[in-house]
1. Return the residues of region 167-201 that are part of a loop (DSSP other than H, G, I, E, B) and touching a residue at least 60 places away in the same chain (Cβ under 8 Å); say none if nothing qualifies.
2. Is there a residue being part of a loop (DSSP other than H, G, I, E, B), within 18 Å of G226 (Cβ to Cβ) and open to solvent by 80 Å² or more (accessible area, probe 1.4 Å) anywhere in region 155-166?
3. Looking at (1) touching an Asp or Glu at 6+ places or on another chain (Cβ under 7 Å); (2) small (G, A, S); (3) assigned to a strand (DSSP E or B), which one does G9 not meet, given that it meets all the others?
4. So if I check each of L207, L224, which one is touching a strand residue (DSSP E or B) at 6+ places or on another chain (Cβ under 8 Å), surrounded by 20 or more Cβ atoms within 10 Å (Cβ to Cβ) and in contact (Cβ under 8 Å) with a residue 60 or more places away in the chain?
5. Considering every residue within region 46-61, establish whether at least one is surrounded by fewer than 19 Cβ atoms within 10 Å (Cβ to Cβ) and within 30 Å of Q203 (Cα to Cα).
6. Yes or no: R92 basic (K, R) and crowded, with 19+ Cβ neighbours inside 10 Å?
7. With Y233, Y178 as the choices, which residue is hydroxyl-bearing (S, T, Y) and surrounded by fewer than 18 Cβ atoms within 10 Å (Cβ to Cβ)?
Amino acid sequence: MVIPENTVGLDLDDGGRWTSLILGGREWFWTGPHRGNRNGLTSYVDAGGLDECFPTVRGTPDHGSLWNQPWGVVDKADEWDVVELEDALFLRRVNGGEAPDELGPHSMWADYRLLAAPGYRFIWAAHALLDCEVGARIVVPAGTVARLHPEAFELLGEFSSEPWVDRVWPTSLDLASYGPDDGTAVGAVLVDCPAASVVDRGQTLTLAVSCPGQPVSIALWRNLGGFPASSPYRSLGVEPMLGRAFDLADAGPSDTAVVGPSGEVNWRLTLSVE
């Protein structure tokens, strides 16, 4: 079987999910335990690939409002996929228009457009779950602030009434390493960090987001057999995001993206392999 160098799979019927990402001749997305369309489900389940989380990641609704409903196409010639919510219109175009000059030969990109009332606050994350082996490494700049969430508090040996505690990367929990099973599952938001790289099996995947005037971060989910409690599995999420928090309800005024006077926000996600 000949494996293509660069392809992407999308399933508009299953919440607009990215089902496959082949870059540099290998599949990068992990396949989750759930099989089948998730339309109408009220509790999130991991199907793998990449889910668009909006207008929150954690909280209500869990993993946002997009993953459990079908998407449509605005105009096939224009290549924009769309899902309409009560208070916003969310659009995405994958590999549309001209390729960005800065990207190499093994790359994909997606442009996003949100239409909503001025002042609308939201968090978005490209919830990418990656197929990596034990020993894969996550690379971000040293000194990046990592907001560690409650599941990490016990591992840190402390308690906080706040929704997160701040630590400096690399943290004492060694979140940079996708190690062997140890029964833990930890989430973090790497604040004001527009890009992260994952080194696995001799290749480096870099995920990045650009949105001038809005806060950009990387969400990290490292599950080493600690979630879910009933039947745990392994998963690694490296998730470019707009915002600085997982839960919209916990986010302060500077922790979310905000729609400006134009009623529109535009941003770009890029994925590239060396």
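1. Of everything in region 167-201, just one residue is part of a loop (DSSP other than H, G, I, E, B) and touching a residue at least 60 places away in the same chain (Cβ under 8 Å), namely R201.
2. no
3. (1)
4. Of L207, L224, the one residue that is touching a strand residue (DSSP E or B) at 6+ places or on another chain (Cβ under 8 Å), surrounded by 20 or more Cβ atoms within 10 Å (Cβ to Cβ) and in contact (Cβ under 8 Å) with a residue 60 or more places away in the chain is L207.
5. For region 46-61, residues surrounded by fewer than 19 Cβ atoms within 10 Å (Cβ to Cβ) and within 30 Å of Q203 (Cα to Cα): absent.
6. Taking the combined requirement at face value, the residue satisfies it.
7. Unique residue meeting the criteria: Y233.
So that you can scan it fast, the table gives a plain yes or no per residue for (1) surrounded by fewer than 18 Cβ atoms within 10 Å (Cβ to Cβ); (2) not hydroxyl-bearing (S, T, Y):
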position	(1), (2)
L220	no, yes
S254	yes, no
N266	yes, yes
L271	no, yes
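The values are calculated or read from the model by the stated rules, or taken from the named source; none is laboratory data. Note that this is a predicted model, so its numbers are computed, not measured. Here Cβ is always computed from backbone atoms with ideal geometry, including for glycine, and neighbour counts include all displayed protein chains. Just so you know, the surface numbers come from the protein's heavy atoms only, side chains and all, with ligands and any DNA or RNA stripped out. Shrake-Rupley method; radii C 1.70, N 1.55, O 1.52, S 1.80 Å.
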